[in-house]
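Peer 1: What follows is a structure written as structure tokens; I'll ask about it next.
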């Protein structure tokens, strides 16, 4: 072999050695930067949001959650769509209750750590988001006067409510408190007119009943907390050892997927923090499907109109009224939806705000091959940072995402409490 | 009382050494450090960063204080009606933002400073503050890079 050829062979050998180390870079030890990023996903969330509040209130909330009397026709409860055995989702692309919903049912596990509630952030507190569900004609299809009368009419509910919140308004006075009515009802409808005829003081009294029910439900939902996934256990080991060996609980594919997640794939730009969500709203350029959904634009308008926001008269000290000072113009966030948490993501298919993706792999591939079609608002260019990924990398990401499932919650919080009476 | 005479000097030295803002004085738009001052694009105004949280908080509202004055009138800081502020991430773009903030900052004037409340960074990385100035010396814009957020 001549000199130059020998040199070329040496260079080729060196190049191969560099390009193909004993194990690929994604199989090797975690770098300090990767470990720091993993740590940021595994830090304990703010416990103050889930501190054990009043047990009495939470028990009432648990009863209410499973009670079909909260719906307009008595056929549906919160648990009709938030099924405890399905990580508090329904497994459907769009929920079926009083009508067909327009947005996918989100999980309630760790819901207390949300900054905004519902896909569009129309509620700024856990207690107030329930009120949107009760009066949504596609969900529980009730109205607040009927709900107040339902409490009043049923001795068990009435006693349970009054034990926690004091006397109900004098709902037997039908002149003052018609059977049905709500400011949310369609303009000009009998329910809307009935509400308008009430005095402001009586409207306020009914609104307070609604707020109290919301607080009871929120007190129970603050107990639906789990941060004990296989990922969390791996992260704890990784804190002391940059190269933990793969095992059955966290196999090599999941390990490679985690490296991608905090690195090249840029997932943590939005799926950050212990809930794997930056709690912000993003326009992903999703083509319009069944109907035009303006997302956060609508959410901001609904929030501004709600008397139940942190700036309203029913807020106590649990909200953050200060942030309402700085809300952006709604149209700026047209077509944006809240970054969902990825905890328990393998148990909460289908995916995205309208459940358009049936599997995790489909959801991941969306970011690599955005579909074409008419969209609303302006697609966020952050998405352009996501590189092309190989089939194996997609599989690795999915393997990692499957490690985010937590252990089941105890039956004491996932079943209707005994005795049946609240 | 020699010691007492030296205290202000020590204080000054400490504040210069201890403040990254002071070290960055002279401007520039360097990721990883907040510049202490920048000139507007057309050189009409000087924007000084007087107060900024360190590190910047991610996922929380925060405020910054700026001093904005014309190059030819350095002793006459501009008021809130002459200044507006937006922020966003460029993600490598030379112009415009890849995305903006999800909050709308409120600008007020206090003791000769422009106080910008309601800034909110929801993503880690380099954010850009766009300061639009419309004063006696005409309309101009200044840009500051704010690295988010610790770590």
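Each reported figure results from applying straightforward, stated rules to the coordinates on display, with no laboratory input. All figures in this text were calculated on a predicted structure; none of them were measured in a lab. Note that we place each Cβ from the backbone using ideal geometry, even for glycine, and neighbour counts take in every protein chain shown.
Peer 1: Helix A:200-221 sits at what angle to the longest principal axis of chain A, using alpha carbons and giving 0 to 90 degrees rounded to 10?
Peer 2: Here the helix axis deviates by roughly 40 degrees.
Peer 1: While we're here: Using every Cα-Cα pair within the stretch A:274-335, state what percent have a distance larger than 17 Å.
Peer 2: 52
Peer 1: I need B:48, A:374, B:41, A:361 ordered by Cβ neighbour count within 10 Å, fewest first.
Peer 2: So the residues, fewest neighbours to most, are A:374, B:41, A:361, B:48.
Peer 1: Then there is this: Evaluate E = 1/(1 + (r/R0)^6) for residue B:132 and residue B:72, where r is the Cβ-Cβ distance and R0 equals 25 Å; express this FRET efficiency to the nearest 0.05.
Peer 2: Working from the Cβ atoms, E equals 0.85.
Peer 1: Decide, for the stretch A:160-315, between rounded, prolate and oblate: order the square roots of the alpha carbon gyration tensor eigenvalues as a ≥ b ≥ c, take rounded if a/c falls under 1.5, and otherwise choose prolate if a/b is larger than b/c, else oblate.
Peer 2: It comes out prolate by the Cα gyration axes.
Peer 1: For residue A:418 paired with residue A:317, estimate the spin-label separation in nm (one decimal), with each label point 7 Å from Cα along the Cα-to-Cβ line.
Peer 2: Going by the 7 Å Cα→Cβ label model, 3.8 nm.
Peer 1: What percent of all Cα-Cα pairs in the stretch A:321-365 falls into each 10 Å bin, going from 0 up to the bin containing the maximum distance?
Peer 2: For the stretch A:321-365, the pair-distance distribution reads 22, 38, 23, 17.
Peer 1: Separate question: Work out the FRET efficiency for residue A:361 and residue A:228 from their Cβ-Cβ distance, taking R0 = 25 Å, and round it to the nearest 0.05.
Peer 2: Here the calculated transfer efficiency is 0.50.
Peer 1: Which order do peptides A:135-148, A:231-244 fall in by mean Cβ count within 10 Å, highest first?
Peer 2: The densest-packed peptide leads the list: A:135-148, A:231-244.
Peer 1: Right, another one. I want to check the label-to-label distance for residue A:156 and residue A:173. Put each point 7 Å from Cα in the C-beta direction and report it in nm to one decimal.
Peer 2: Computed distance between label sites residue A:156 and residue A:173 equals 3.0 nm.
Peer 1: When a footprinting reagent is the concern and you count Cβ atoms within 10 Å, what order do A:161, A:227, B:45 take, fewest first?
Peer 2: Least to most surrounded, the residues fall as A:227, A:161, B:45.
Peer 1: What does the helix-only formula give at 222 nm for the protein assembly as shown: each DSSP H stretch with n ≥ 4 adding -39500 (n - 2.57), the total divided by the residues, and the result rounded to the nearest 500 deg cm²/dmol?
Peer 2: It comes out at -9000 deg cm²/dmol, rounded to the nearest 500.
Peer 1: Would you tell me the mean number of C-beta atoms belonging to other protein chains that fall within 10 Å of each C-beta in A:377-385, as a whole number?
Peer 2: Per-residue shielding by partner chains comes out at 4.
Peer 1: So how much slack lies between residue A:325 and residue A:385, counting 0.36 nm per residue of separation and subtracting their Cα-Cα distance, in nm?
Peer 2: Gain in length upon complete extension: 18.4 nm.
Peer 1: Could you work out the per residue convex hull volume over the alpha carbons of the protein assembly as shown, in cubic angstrom?
Peer 2: Taking the convex hull of the Cα positions in the protein assembly as shown, it is 247 Å³ per residue.
Peer 1: The stretch A:160-235 to the stretch A:246-277: how many Å between their Cα centroids?
Peer 2: Taking the Cα centre of each part, the stretch A:160-235 and the stretch A:246-277 sit 40 Å apart.
Peer 1: Over all distinct Cα pairs, what is the inverse of the mean 1/r for the stretch A:55-225, reported as the Kirkwood hydrodynamic radius in Å?
Peer 2: About 16.3 Å for the stretch A:55-225.
Peer 1: To continue, here is another question. Between rounded, prolate and oblate, where does the stretch A:24-85 land on the alpha carbon gyration tensor, with a ≥ b ≥ c its root eigenvalues, rounded for a/c under 1.5, else prolate if a/b exceeds b/c?
Peer 2: Oblate shape, in that a/c is at least 1.5 and b/c is the bigger or equal ratio.
Peer 1: Another question, then. Which FRET efficiency, nearest 0.05, do residue A:27 and residue A:68 yield, Cβ-Cβ r, R0 51 Å?
Peer 2: 0.45
Peer 1: Taking every DSSP beta bridge with both residues inside the protein assembly as shown, roughly what % is antiparallel (nearest 5)?
Peer 2: About 95 percent, rounded to the nearest 5.
Peer 1: Relative to the longest principal axis of the C-alpha atoms of chain A, give the angle of the C-alpha long axis of helix A:252-262, reported between 0 and 90° and rounded to the nearest 10°.
Peer 2: Rounded to the nearest ten degrees, it is 70.
Peer 1: What does the average come to when, for each residue of peptide B:99-108, you count the partner chain Cβ atoms lying within 10 Å of its Cβ?
Peer 2: So the per-residue partner count for this stretch is 5.
Peer 1: After finding the eigenvalues of the alpha carbon gyration tensor for the stretch B:27-148, what semi-axes result from the square roots of 5 times each, listed largest first in whole Å?
Peer 2: Computed over the stretch B:27-148, the values are 22, 15, 13 Å.
Peer 1: Also: Using only alpha carbons, build the gyration tensor for the stretch A:288-393 and give me the equivalent ellipsoid semi-axes, biggest first, whole Å.
Peer 2: 32, 17, 14
Peer 1: Only residues of the stretch A:255-291 count here: report those whose backbone N is under 12 Å from the spot 7 Å along Cα→Cβ of residue A:368, or say none.
Peer 2: Once the point is set 7 Å along Cα→Cβ of residue A:368, A:265 turn out to lie under 12 Å by backbone N, inside the stretch A:255-291.
Peer 1: Provide a whole-number value for the mean count of partner chain Cβ atoms within 10 Å of the Cβ atoms in peptide A:320-330.
Peer 2: 4
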